[in-house]
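> This is the structure I have questions about; it appears just below.
The values are calculated or read from the model by the stated rules, or taken from the named source; none is laboratory data. This is a predicted model, so every value here is computed, not measured. Here Cβ is always computed from backbone atoms with ideal geometry, including for glycine, and neighbour counts include all displayed protein chains. Each accessible area value is taken on the protein alone, full model and side chains, heavy atoms only, with ligands, DNA and RNA left out. Shrake-Rupley method; radii C 1.70, N 1.55, O 1.52, S 1.80 Å.
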Amino acid sequence: SKDRKTGLRRRDGSVMLGPIYDEIDYLDKYKRGFIVAKSGSYSTCYDDWGNLLGDSLTSFQVEDYDALSVLYIDTLCYLTDTLGHRICPPVGRVHAERINIDSTTVLLLETSDETNVVRTNGTWIIPPGMTLGSNENQSLFERGLFTVQSKGREGIIDHYGKWIIPLNHQHINF
């Protein structure tokens with residue numbers, strides 16, 4: 001502590017965070033640790049290793065799933081694995097949906113131009129470079145089926161990542 005400011009040292013004595021914060025909290029109730037350093041009305045979030053997750057934050061929240069956590073930091077959402085490492089770029093919105101056929105929960109990750117789907121165990125349902133189709137049908141979704149788009153082509157994939165209709169159609173109507 002210096003001038004009533006708080007910092008953080010590693011076990012080896014090296015400085016992890018300099019003494020510039022009003023308060024430092026350690027959140028470990030979500031299977032992994034997050035360091036939240038506060039200055040005035042703003043917070044800075046770090047992982048256990050001191051890697052910056054977000055700066056000048058006005059809000060910070062974590063939701064825990066099987067092998068994943070979603071960090072809501074201001075207007076962005078970060079998906080992290082069990083070690084706290086980010087597994088994809090930040091997205092604008094994450095919401096959980098239950099598949100009725102076998103009660104599986106999946107997370108829909110939305111950015112301004114695409115939506116992807118990941119199982120709560122960390123398995124990507126829609127392969128990288130592809131996105132959830134714009135004509136997503138709720139009855140298909142409830143049965144664990146998703147229309148997928150890539151390069152002007154569409155197909156249907158199930159919630160295990162198995163192709164039901166290959167990705168070689170211009171448009172799929174149902």
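> Scan segment 140-153 for residues that are touching a strand residue (DSSP E or B) at 6+ places or on another chain (Cβ under 9 Å), open to solvent by less than 70 Å² (accessible area, probe 1.4 Å) and not in a helix (DSSP H, G or I) and jot them down.
Listed by number, the residues that qualify are G144, L145, F146, T147, V148, Q149, S150.
> On to the next question. Find all pairs meeting these conditions: Cβ atoms under 6 angstrom apart; at least six residues apart or on different chains; first residue within segment 71-92 and within 24 Å of G129 (Cα to Cα) and among the polar types (S, T, N, Q); second residue open to solvent by 50 Å² or more (accessible area, probe 1.4 Å) and part of a strand (DSSP E or B).
T80/R86
> Taking segment 1-21 only, how many residues are open to solvent by 100 Å² or more (accessible area, probe 1.4 Å) and at pLDDT below 90?
Of the residues in that region, 7 qualify.
> Related question: Tell me which of these L68 doesn't satisfy, since it passes every other one: (1) hydrophobic (A, V, I, L, M, F, W, C); (2) farther than 22 Å from N116 by Cβ; (3) touching a residue at least 24 places away in the same chain (Cβ under 8 Å).
So the condition that L68 fails would be (2).
> On the given criteria, is Y42 under 25 Å from R4 (Cβ atoms), open to solvent by 40 Å² or more (accessible area, probe 1.4 Å) and touching a Leu at 6+ places or on another chain (Cβ under 7 Å)?
Answer is yes for this residue.
> Shifting gears a bit: Working only within segment 74-125, note down all residues that are open to solvent by 70 Å² or more (accessible area, probe 1.4 Å), within 21 Å of L27 (Cα to Cα) and in contact with a Phe, Trp or Tyr (Cβ under 9 Å, 6 or more places away or on another chain).
R86 - this is the single residue of segment 74-125 that is open to solvent by 70 Å² or more (accessible area, probe 1.4 Å), within 21 Å of L27 (Cα to Cα) and in contact with a Phe, Trp or Tyr (Cβ under 9 Å, 6 or more places away or on another chain).
> For segment 83-103, give me each residue that is assigned to a loop (DSSP other than H, G, I, E, B) and over 30 Å from I35 (Cβ atoms).
Of everything in segment 83-103, those that are assigned to a loop (DSSP other than H, G, I, E, B) and over 30 Å from I35 (Cβ atoms) turn out to be N100, I101, D102, S103.
> Looking at Y30, Y65, which is the one that is aromatic (F, W, Y), open to solvent by less than 60 Å² (accessible area, probe 1.4 Å) and modelled with pLDDT of 80 or more?
Exactly one residue qualifies, and that residue is Y65.
> Further question: Given the structure, is G133 under 21 Å from the mean Cα position of the chain (by Cα) and surrounded by fewer than 19 Cβ atoms within 10 Å (Cβ to Cβ)?
No.
> Does segment 108-117 include one or more residues that are assigned to a strand (DSSP E or B), within 17 Å of D64 (Cα to Cα) and touching an Asp or Glu at 6+ places or on another chain (Cβ under 9 Å)?
Checked segment 108-117: at least one residue is assigned to a strand (DSSP E or B), within 17 Å of D64 (Cα to Cα) and touching an Asp or Glu at 6+ places or on another chain (Cβ under 9 Å).
> So, in segment 88-119, exactly how many residues are among the β-branched types (V, I, T) and at pLDDT below 80?
1
> Please go through segment 154-163 and pick out each residue that is open to solvent by less than 90 Å² (accessible area, probe 1.4 Å) and under 22 Å from I101 (Cα atoms).
Across segment 154-163, the qualifying residues are G155, I156, I157, D158, H159, G161, W163.
> Confirm whether V70 is modelled with pLDDT under 80, under 17 Å from the mean Cα position of the chain (by Cα) and part of a strand (DSSP E or B).
Against the criterion (modelled with pLDDT under 80, under 17 Å from the mean Cα position of the chain (by Cα) and part of a strand (DSSP E or B)), V70 does not qualify.
> Could you grab me the full set of residues in segment 53-62 that are out of contact with any Phe, Trp or Tyr (no Cβ under 6 Å at 6 or more places or on another chain) and open to solvent by 60 Å² or more (accessible area, probe 1.4 Å)?
D55, T58
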